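Please treat every number below as a calculation from the coordinates, not as lab data. Predicted model only: the values in this text are computed from it and were never measured. Cβ coordinates were reconstructed from backbone atoms using ideal geometry, including for glycine residues, and neighbour counts include every protein chain displayed.
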Amino acid sequence: MIRAALLGATGSIGASALELAREFRGRIRFVSMAARSNDAALVPAAEEFGVTRIALADPEAAARARRSFRGEVLEGEEGLARLASDADADVIVNALVGSAGLGPTVAALQAGKRVALANKESVVLAGELLVAIAKEHGGTILPVDSEHGGLHQCLGGAAPDAVRRLILTASGGPFLRRDVTTLRAATPQEVLRHPTWSMGERITVDCATLMNKGFEIVEARWLFGIPPERIEVLVHPQSIVHAMVEFVDGSMVAQLSRPDMRLPLLYAMSYPERWSSSLPRLDVTALQGLEFEAPDPARSPGLGLARKALALGGTAPAALNAADEEAVRLFLAGAIGFEDLTRLVDEVLDEHRPAAVTDLEAVRSADRRARSRLTDLAASRSRR
Ligand code: NAD
Ligand code: MG
């Protein structure tokens, strides 16, 4: 039986975690749950699983929850960090979105926990630091991102020098075959219609620019200790092969499954065991063919941005994430166009003077500066 804290219980990955816990009642027990402000969804989920401690980042939502929930209600960033380091929990499922996920990841690793990490932003913001903290305190990160869960399985603990390259696949997003000259006019509705995965809004927008895949290059770089020039991306529209590893002897290993986030989540929780599940199986004889192609640079600005941030080093990936988070918010609000999204992010990255990531304050300060710079640039653009 694993005792788990579920951070981000009301989101898309959170919903997958709840489904798994329903199937594995004898193996997964939630001891706490957290969300931002949706107490109306969090309280019933906590009640369903007999959870006695919850946290809401938003103090007003926490106040509402105190009136309806019988257990303990924590609030704010500190509340989430407390759940992440709670002695009652062995595994922290971090399904938060955005930079809000970093504090809980750090708190959990410092407390020596296993983190089933969906919040890739944690690694983008402070990957090197997280690896060091995990090593020092005995914590571990098991990636929930499907590609990285796939890589973890393909690698099977192989040393970095046994690896020639890691390959992450990308669905290509909603605009894979759309005429590139029409992309600038893409609307939020079009962007939010992902062909193979159903996910939260931020990551769905990031799939259309391939920024999500760019973040995944950063994630793989730190989680597996492989330099960026040995991490490649291939567009694979069927989303069946999630990752491949080519070893130095020429052998390649790939991981396949239907696109369903419950599977990588289950792997991150059960590892090193495998638990028999009722998840839908992949019928390889029914596959119509698997295609792999190099990404078209005109449709994948996010890849170049991520490689640039990695080359700049230090706080540059944190600035990239923060600028993108703001740009996505402005795009969804109709304040900037689709092509402005990555263009503005690129401007912020170009201006950024990277500092070494020695502590979380360096990351937080880069995050704040990049956000405010992006909002300023967007405002001055819309005045023109
Ligand atoms: P989502 O938007 O559906 O859910 C986000 C959750 O985080 C919600 O529970 C929300 O309440 C909480 N939250 C948001 N902002 C918060 C804040 N400031 N403080 C505290 N809680 C906050 O997002 P999602 O699609 O479930 O994605 C979660 C994470 O998993 C992201 O990092 C995403 O990149 C990653 N991921 C998601 C998928 C997917 O299929 N959805 C796949 C791979 C990776
Ligand atoms: Mg992914």
Within the stretch 148-165, is even one residue under 30 Å from residue 78 (Cα atoms) and either within 16 Å of ligand 2 (Cβ to nearest atom) or out of contact with any Leu (no Cβ under 9 Å at 6 or more places or on another chain) (or both)?
-> yes
Those residues that are within 9 Å of ligand 1 (Cβ to nearest atom) and closer than 10 Å to residue 324 by Cα, I need them from the stretch 200-211; list them, please.
-> 202, 206
Before we move on, is residue 145 within 24 Å of residue 291 (Cβ to Cβ) and among the acidic types (Asp, Glu)?
-> yes
Which listed residue is more than 22 Å from residue 299 (Cβ to Cβ) and among the basic types (Lys, Arg), from 177, 202, 258 | 258
Residue count for the stretch 188-234, restricted to those that are in contact (Cβ under 8 Å) with a residue 12 or more places away in the chain and either outside any helix (DSSP H, G or I) or among the hydroxyl-bearing types (Ser, Thr, Tyr) (or both) = 18
Is one or more of the residues making up the stretch 302-322 among the basic types (Lys, Arg), in contact with a Lys or Arg (Cβ under 9 Å, 6 or more places away or on another chain) and surrounded by 16 or more Cβ atoms within 10 Å (Cβ to Cβ)?
-> no
Candidates 12, 68, 16, 32 - the one that is surrounded by fewer than 17 Cβ atoms within 10 Å (Cβ to Cβ) and of a type outside the set (Asp, Glu) = 68
